[in-house]
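Have a look at the structure below, then the notes.
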Amino acid sequence: MVVRRVCVIGAGVSGLVAIKSCLEEGLEPVCFDKNEDIGGVWIFRDETDSNPGSALYDCVVTNSSRQMMCYSDFSFPRDTPPYIPGKALLKYYQDYAEHFRLRPHIQFHSTVTRVEKTEDFAKTGQWRVTVLHEGEETVHVFDAIMPCTGFFSIINYPMYPGQDEFQGTVIHSNEYRGNKHVTGKNVVVVGGSHSAGDISVDASLTAKQSRIFCGKVKAKTGIDHFTKTGIVFTDGTEVDADVVIFATGYKLRAPYLDTSIIQEELKDLELYKYVFPARLEHATCACIGFMMTVGAHGPAFELQSRWAVQVFKGNCSLPPIPKMLGEIRFVRQMVYNRYGKHIIFIPPIPYQDSLAAQIGALPSFKRYLFTDPALAFRILFGPALPCSYRLVGPHPWKGARSAIMEVWDVYSKATRTRDVGKPKPNYWPLPLQVAVLLALVALLIFAT
């Protein structure tokens, strides 16, 4: 079974690296995206737009730093702020697509409505993909598929008793674009994660009064019901509200895929390493971005894509189905013990290291200890930068070393507002440096 043509669904953060990873290995990606441009949820639209798919509001700033959000072989411009405004991040993704010539492989205004196995899937592993473009449906056959629509397509919109009779405005955070429509109004934000915090702060600048509610906040344990003019909480207290904003997130759904591939309940999700459906006869479906790291997502999505195409090419193989299912259950329980019901939230660095190890891209301290000790110490003691996964392995990047060595200078540049002169040298004595080095070498030798 030879994989050549790959269907990539979505041209957002995960779709872009899926396309690039396919091109790196000589595959033929065809990407379908329902939007008019790349960027996914980072495309900003005002409220008059006919396509409300974006979750971006005008005040958004990333909560992960530029060093940890960038792709492994494409750094942000040096004058980019440490934490990035939404529109600047969209520009970065657009520049990435231009630099690696990804646009010719993307068909915009194209919605994938159905993906199903071909009749001879057991033999070929191929997929039939139905696409709606400008009112016309077409059917395509691909050797492999990479769904990249992730978590931000279908909103989680709760309903409470009396909500239909509420005389104010109720919206999802997906519809929020700015605070001009809440000026002078009482605002209640339901939720306690990133969007809830952003919107509460933004709304408070113009609102008459802004409250944030989260189910885990002891003062307000939950919403009991709506009244015509406000909300009654389960503790019996009541607040007046003109606007209620549900910052309640999204549902894991890929409506174009059968639920045997992407399950509707997170507890039933059976993706090996959060990528490959474990029960398929052939490893020709790689789901990119169907998990969330506790931090920046892009680098993890990129490693998922790099690993997936190596599997497509036959350079990496998957374990037997029973072993994959056993690992899925083990990881699910481990994550549940740490994060509770959020079983698709995972620590990024161990996960990224595990994927990098699959393709031989995991940097080694011992490898560089005697050939490039300065780099070795940056790898061991510095941040786990995405570019470190381009030092070795398939398709290394020549700029990876310099990006690692310059990280502190680049990161601090945006905070330098005045000239304070050069700091005085404060070197460790040479004997102490040698002693520390020998101790580390001994530790590594005896630990392995």
Note to self: Quick check on Ala18: is it at pLDDT 90 or above, closer than 19 Å to Asp95 by Cα and assigned to a loop (DSSP other than H, G, I, E, B)?
What the structure shows: no
Check: Is there a residue being touching a Ser or Thr at 6+ places or on another chain (Cβ under 9 Å) and either closer than 30 Å to Glu406 by Cβ or assigned by TED's automatic domain parsing to the domain that holds Ala196 (or both) anywhere in segment 24-33?
Finding: no
Next item on the list: Would you check if Ile212 is surrounded by 20 or more Cβ atoms within 10 Å (Cβ to Cβ) and either at pLDDT below 80 or closer than 23 Å to Ser64 by Cα (or both)?
Entry: yes
Next item on the list: Kindly state which helices (runs of 4 or more DSSP H) lie completely within segment 260-376 and contain at least 3 residues that are under 21 Å from the mean Cα position of the chain (by Cα).
Entry: 298-313, 321-339, 348-359
Check: Which members of segment 230-259 meet the condition of being surrounded by 15 or more Cβ atoms within 10 Å (Cβ to Cβ) and more than 21 Å from the chain's Cα centre (by Cα)?
Finding: Gly230, Ile231, Val232, Phe233, Val239, Ala241, Asp242, Val243, Val244, Ile245, Phe246
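The values are calculated or read from the model by the stated rules, or taken from the named source; none is laboratory data. From a predicted model like this one, the values you see are computed outputs, not experimental measurements. Methodologically, a virtual Cβ is constructed for each residue, glycine included, from the backbone with ideal geometry; neighbour enumeration extends over all protein chains shown.
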